[in-house]
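For reference, the structure discussed in these notes is given below.
The values are calculated or read from the model by the stated rules, or taken from the named source; none is laboratory data. What you are looking at is a predicted structure, and each value in this text was computed from that prediction instead of being measured. Here the Cβ is made from the backbone with ideal geometry for all residues, glycine too, and neighbour counts use every protein chain on show. Heads up: the accessible areas ignore ligands, DNA and RNA and are worked out on the full protein's heavy atoms, side chains in. Shrake-Rupley method; radii C 1.70, N 1.55, O 1.52, S 1.80 Å.
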Amino acid sequence: MAAGAALSEQALRDRIETVLAEVPDPEIPAVSVVELGIVRGVDPEGPSVIITPTYTGCPATIAIEMAIRVALDEAGMADVAIRTVLSPPWSTDMISDAGREKLRAYGIAPPPKGAEARSLRGADIVECPRCGSPHTQEVSRFGSTPCKALWKCADCHEPFDRFKCH
């Protein structure tokens, strides 16, 4: 039986979102692909899951698609397609509030919502996710993955990643 045959559109959407909420990001397993905003939505017509990578060319995109496919298949929803859309592009504003807190607990400084304009001017204050100090500085635009930069805290002297705002 097709995934949508016995479920209303809202029930199908809810079921898919529940399954995907348990799919961890392959590079940051402390947060789900839903919390990071990679899952843009569910289209019950078709049905399909709509995803957007954190940036065009993200090397984790294939791993994310595969993890979503496995989760859907294991939940009996093999007929749900996965569509990747690049426009509008992903933004750090798509990270949920719960996702931001999980990133911080994991040791990654999440950008605040609406940080894009300030970040482009270099005017935002970045708090250390370990000790909370605002006395931090960027060490390198290149962090552990292409979507993060390397920062260091002047108080606790710990290095940490920070999501690049875009």
I'd like to verify a number: residues in region 72-89 that are open to solvent by 90 Å² or more (accessible area, probe 1.4 Å) and acidic (Asp, Glu), how many? 1
Could you list, ordered by first residue, the pairs with Cβ atoms under 8 Å in which the first is in region 124-141 and under 20 Å from Lys102 (Cβ atoms) and open to solvent by 40 Å² or more (accessible area, probe 1.4 Å) and the second is in a loop (DSSP other than H, G, I, E, B) and of a type in the set (Asp, Glu), at least 6 apart or interchain? Arg130/Glu158; Cys131/Asp155; Cys131/Glu158
Condition set open to solvent by 20 Å² or more (accessible area, probe 1.4 Å) and in contact (Cβ under 8 Å) with a residue 24 or more places away in the chain, scope region 29-38, selection nearest to Arg104 (Cα to Cα): answer is Ala30
Of those in region 45-64 that are buried (at least 18 other Cβ atoms within 10 Å of the Cβ) and more than 16 Å from Glu22 (Cβ to Cβ), the residue farthest from the chain's Cα centre (by Cα) is Pro47
Looking only at region 80-95, and only at residues there that are modelled with pLDDT of 95 or more and either touching a helix residue (DSSP H, G or I) at 6+ places or on another chain (Cβ under 6 Å) or assigned to a loop (DSSP other than H, G, I, E, B) (or both), the one that is nearest to Thr18 (Cα to Cα): Val80
